[in-house]
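The values are calculated or read from the model by the stated rules, or taken from the named source; none is laboratory data. Small disclaimer: the values here were computed from a predicted structure and weren't measured. Heads up: the accessible areas ignore ligands, DNA and RNA and are worked out on the full protein's heavy atoms, side chains in. Shrake-Rupley method; radii C 1.70, N 1.55, O 1.52, S 1.80 Å.
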Amino acid sequence: MRHIYEAILISLNSLKENKLRTFLTLLGIMIGVTTIIFIHSVLKGTEKYFVDNLSSLGLNTLYISKFSWYGNNNWPNERKRKALTIENADFIRQNSDMVEYVTPLMNVWVRSIKYKSNEVKFVNIKGSTEDYEYTSDSTPEQGRFFNSNEVERNSNVAVLGNEVSKALFAEEDPLGKIINVRGRKFMVIGVEAKKGEVFGSNIDKEIVIPIGCLSKYFSWNKWYGVDIMVKAKDPTKVNQTIEDIASLLRISRGLKPDEENDFSINEINQIIDFLKKVTALMRLLILAIGSLSLLVGGIGIMNILRVSVTQRTREIGTRKAIGATSRIIMFQFTIESVILCLFGGVFGIVAGFAIAKIISSFTPLPSTVSISSILIGVGYSALVGLIFGFYPAKKAAKLNPIDALRYE
């Protein structure tokens, strides 16, 4: 045990005495680890950011549309489909025992919404029913959502997104105020809680009105039709709910048994699974790139240690002459290589996280510090030290003490 302790001290002293050589040697390792940590932490943070945002939309909410969300190789045929209708949504609501809420949804964009001299430009107007509050998790932070009577009467009431409310009213209470939406007057009855962005789309920059008002006052895309949002009663039976909805929609839309579905049932988990696959592939790619940097750094360490062995031949001979075994000598140079790499790894981890935090401060890309990132950095560094320190250490261990003492 004493010999091991002495070998570690000798390794540390050798590194300390050759500061410039030590720094240049660990620089390659540091760059490789920094690359891995930086990209890994940004990818991890970005994945978590999107998963959290998508999860907030409701994992047991299904989105029925004319088009598929992604992986769509059948777009030319999908665009020929008949538009979904409010009647299709009503049919599901009346006949399915597996759904809790069903809401048709229309969207239009308006150039501006005004309140007195305040104005918000390019706002998404959503038309839906009273159950939209639950299918989209839009329970107001202030006020209330519109009710079934207001939907039936096409009342001019509106629930504002958080950003729209702040832009129009600042610190003023928005409830009961009248806003101007493309020449139409709407009374504000509620304000949604802040939701943030999903894939660059600002959910807080919207207002929700009864669906009859939207179809009555605004031009909407009748070719596209409506979307239908469905919230399953049991989150553990989403697949059965999808089958039930598909069967009812086929009946509602008069499809024959040999005809394909002319609608798509999308769910948030599809996007989350796709996102995780993409980020996993990207992480593997970055690990490969970082590994190449570490390989170059490892070769540099091996060459430096070979030179070090040559320069310290008399020292090795002296140590062997006074009792150091070949195993101790080999351990000394191996540990010197591992310590070098670990120092490079630690500096690389710190630099990687620092760069990731700086990038996340000035860009929309979030980053996160994870145990897996730290383990990857330390593990790679130690592994490189062991692999590339082995040959020089073995060379040092094989030196004949008599020949080593005679070395000039």
Distance from the Cα centre of the range 126-198 to that of the range 233-303, in angstrom?
33
What number, in nm² with one decimal, is the all-direction average of the projected area of the convex hull of the alpha-carbon atoms of the range 95-178?
6.4
If the cut-off is 13 Å between C-alpha atoms, which aspartates and glutamates fall inside it for LYS82, apart from same-chain ones fewer than 8 positions away?
ASP227, GLU260, ASP262
Over 21 Å between alpha carbons, listed pairs LYS80/LYS121; LYS66/LYS231; LYS66/LYS195
LYS80/LYS121; LYS66/LYS195
Under the rule a/c < 1.5 gives rounded, and otherwise a/b versus b/c splits prolate from oblate, where does the range 241-282 land using the Cα gyration tensor?
prolate
accessible surface per residue for the range 207-293, probe 1.4 Å, DNA/RNA/ligands not counted, whole Å² -> 53
Per-residue HN-Hα couplings for the range 123-131 [Karplus 6.51, -1.76, 1.60; θ = phi - 60°; Hz; x = Gly/Pro]:
10, 7, 9, 10, x, 7, 10, 5, 7
Return the lysines within reach of LYS116: Cα separation strictly under 21 angstrom, same-chain partners fewer than 8 residues apart disregarded; answer none if there are no such residues.
LYS166, LYS177, LYS185, LYS205
